[in-house]
Structures are given as C-alpha cells and as structure tokens.
C-alpha cells in the first residue's frame, strides 16, 4: 500500500473504498473476459469466423493486459484481489461474454463481443469521470485502457456492419496505450 | 399495474432474497435477473429499491439498458 498516494487521493475528494471496489470489479471483468474470449476465439471457425479470429485474439490479449495493469494500482491504493476466484468472477463489472447457443452464427458471436466491449467502455468512462483531476495515476491508467476498449468496440461494430471503425488491426505490439503500465 | 410508494419500493432492495426493483421516470423495473444488479448493488455506487431517475442522468449509459427489463409497476410519488 502506498500511504501518501492514498492520502492524496482521499484529500482530492475521492471515496477510496468505492474506487478500489470499482477497480477490483473492472479487473474481474478483464480477467473473465480474457477467459470467455478464449472460448469465443476457438469457436470462430469457418470462412466467416476465421476472418474475425485475429481481432478477437488481439482483444483477448489486451484484456488480459488490462487486468495485469490494474492489479498494481489496486494494491497501491490499499485494496486486494479476492482470494476466492468464484467470488472474483461474480463481482465482475460486466456480464460473462458467454458463447452464444449457435457458435456458427457469426452475428451472434459479434454481438457478444461488441456488448462486452461496450460494457468496458462504459466502465472506464465512469472511472475516468470519477478520477479526473483528482487521482492522476488511476485516471491515466483508466484512460489508457479506455482508448483500447474503444478501439475493440469499433472493430467489432464494423464487422456487425454498423459503420466504418476508422481503424485497422494492430500492427506489431499489442496494447499501444496500456503497455507503459506493463513495463 | 401495481402502484408503489417510495417506502414500498425500498423493500425490494435485492437483499435477503427479495426481488431487485429500481424506478426510473415513474416506472418500476424488475432487474432481479441482471448480472449487474447482484445483491441489490450496481457498480458499487447504486442500490436497489430506489428511484434512480437522477442517477441515470449521470451514468455512462442511457435508459435503454434499463428498459430491457420488465416493468412491474408505477412509482406513485415520483
């Protein structure tokens, strides 16, 4: 725990207990999404499925990176991860990104993916709003994650035919925004 | 349709096995089946059994996420 860090954040008017709980819930969302995306990815088969697989894999790895990046901040602020993995899963800030009944239905697969990303975009927007100008480090981290979640949403949205994303798939390294927290 | 006072609505706070109801713009929604309303709490900051009309205005989502759930009544004194 970083004592002065906690003091500074509290002094700025942030409810630390609420903030830590939200960070834990979002960390749970990232790790569980990483898990559920593993199942989605292996089921993205056939001509249509294979076309989405690479982007689903990038989103999966980046969600795991988000989990890794959030954990140190939780402990710096005096929080901790639950010891019970099931409790951690059930506390997730987002619902499980479960495999649709018919995994060959690519539209259904994409809807699961895009809804998971939209939940994340809402969650990190909320965290940014709570910490802006008050908790600079959590804000910086949440904003970095938000940047990647927005790109994930736009990729899957484009595949659903909702409009152009304006992005292309990653070239080279994953997590261009969050990688600075992983070094 | 059933009419709720704020006091009656407060009983449906999702605690101790009760149903999880929240109100928005005079309508009472049953969110008991929502993963995001487990134990009557939503994203740490919100609790069930209340009128969330003002809170939703500040939320990072609109009413469309609430409107997916069944309406079980009308909030009388909203």
**Prompt:** Checking residue A:123 against (1) in a helix (DSSP H, G or I); (2) touching a helix residue (DSSP H, G or I) at 6+ places or on another chain (Cβ under 7 Å); (3) more than 14 Å from chain B (Cβ to nearest Cβ), which single condition isn't satisfied?
**Reply:** (3)
**Complete:** Residue pairs qualifying under the 6 Å Cβ cut-off, at least six apart or on distinct chains, with the first in region A:94-116 being closer than 12 Å to residue A:52 by Cβ and the second being in a helix (DSSP H, G or I), are A:106/A:48; A:110/A:156; A:110/A:159; A:113/A:156; A:114/A:156; A:114/A:157
**Asked** Can you tell me how many residues in region B:27-61 are more than 10 Å from chain A (Cβ to nearest Cβ) and surrounded by fewer than 16 Cβ atoms within 10 Å (Cβ to Cβ)?
**Response** 4
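On the given criteria, is residue A:73 farther than 19 Å from residue A:131 by Cβ and more than 13 Å from chain B (Cβ to nearest Cβ)?
Against the criterion (farther than 19 Å from residue A:131 by Cβ and more than 13 Å from chain B (Cβ to nearest Cβ)), residue A:73 does not qualify.
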**Fill in**
Looking across region B:11-25 at residues that are exposed (fewer than 15 other Cβ atoms within 10 Å of the Cβ) and under 12 Å from the mean Cα position of the chain (by Cα), the single one that is nearest to the other protein chains (Cβ to nearest Cβ) is B:25
**Request:** Give just the number: which of (1) without any contact (Cβ under 8 Å) to a residue 24 or more places away in the chain; (2) under 18 Å from residue A:37 (Cα atoms); (3) more than 14 Å from chain B (Cβ to nearest Cβ) does residue A:54 not satisfy?
**Result:** (1)
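Quick note: the coordinates plus some simple rules give every number you see, no bench work behind them. Since this is a predicted model, take the numbers as computed values, not measurements. Using ideal geometry, Cβ is built from the backbone for each residue, glycine included, and neighbour counts are taken over all protein chains shown.
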